[in-house]
1. P(r) tail for the stretch 1-90, what percent of Cα pairs lie past 21 Å?
2. What does the extension gain come out to for CYS62 and ALA21, with contour length at 0.36 nm per residue minus their alpha carbon separation?
3. Quick one, what does Rg over Rh come out to for the stretch 44-87 if you take C-alpha atoms and the Kirkwood Rh?
Amino acid sequence: MEDSGADKKVVRVTIFQQPYALRTSGDPAETEALAQAVDTLMNRIAARTSGADPARVAVLACLHLADQLRQLERAHDSVERRLAALDQRLAELAGAGDKIP
C-alpha cells in the first residue's frame with residue numbers, strides 16, 4: 001500500500017552545503033538527525049580527500065555507510081545463529097527434563 005502525500009511532512013535540511021526539502025511520513029526530527037549525520041560524514045570525508053569533488057565525496061560516504069550496514073548485518077546474523085543454537089539447546093534440556101521420573 002502506498003503512502004498518500006497528505007500523510008507526509010516536508011523537512012528542510014542541508015547536506016554538504018546543499019539544501020534539500022525531504023518528504024517524510026516519520027518523525028521529522030529523525031529525518032533531521034539522519035541528514036545531520038550524513039552531512040557530518042561527508043564533511044569529514046571532504047576534509048581528508050584532496051579536491052573534495054561533491055560526487056566523489058558522496059560515493060565515498062555511500063561506501064562507508066554500506067560497509068557499516070554490512071558489518072551490522074553480519075553481527076545480526078551471528079546473534080541470530082547464537083540464539084537459534086541456544087534455543088535448540090534449551091529445547092533439548094527441556095526434553096531431557098521430561099524423561100526424569
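1. 54 percent
2. Answer, rounded to one decimal: 12.8 nm.
3. 1.34
Values in this text are rule-based calculations from the coordinates and carry no lab data. Because the structure is predicted, anything quoted here is derived from the model rather than measured.
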